[in-house]
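Remarks on the structure that follows.
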Amino acid sequence: MKKCYIYRNRKGNIFKNYYTKQESGKKIPKGGLIMKKDYSKEENEIITAFKAGSLKKSKNIQDDMITAKKTALNTFARTKQISIKLTEKEIVKLKVKAIEAGLFFQSLIYALIHNYTDNRIQFTFVNK
């Protein structure tokens with residue numbers, strides 16, 4: 001029995017391949033591009049407007065493209081859980097600082113790491 005393999009080419013198009021893995025190679029079956037069949041109400045409205053030609057060009061395409069790219073990157077940004085050992089004294093101090101800032105202490109830790117990796121804050125290490 002042949003399995004269905006789904007893969008993406010360099011242009012980002014998604015294909016289904018009903019060949020076996022050994023015979024698949026670079027073959028693309030007829031109608032290989034996967035198209036979504038069930039659209040949401042909003043998607044149907046967009047498709048209908050596009051087909052009717054009633055969509056208008058954006059006045060500021062560059063800003064819209066930047067916003068769309070950022071949104072796409074944030075959509076696929078994955079988080080990974082880490083473990084960190086802190087003393088109780090450090091945790092208490094972090095919780096106090098977080099309360100002063102109006103945040104949960106985990107959010108404060110995340111903000112510190114995020115701002116450090118984006119070069120918004122810098123640490124100065126002093127040798128004692």
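The values are calculated or read from the model by the stated rules, or taken from the named source; none is laboratory data. Not measured: the values here are computed from a predicted model. Cβ placement follows ideal geometry from the backbone for every residue including glycine, while neighbour counts extend to all protein chains displayed.
Quick notes on this one:
- Of the residues examined, T67 is one that is modelled with pLDDT of 85 or more and surrounded by 10 or more Cβ atoms within 10 Å (Cβ to Cβ).
- Residue match in segment 93-115 (condition: modelled with pLDDT under 85 and exposed (fewer than 11 other Cβ atoms within 10 Å of the Cβ)): no
- Residue check for S24: farther than 30 Å from Y110 by Cα and either loosely packed, with under 10 Cβ neighbours inside 10 Å or modelled with pLDDT of 75 or more (or both): no
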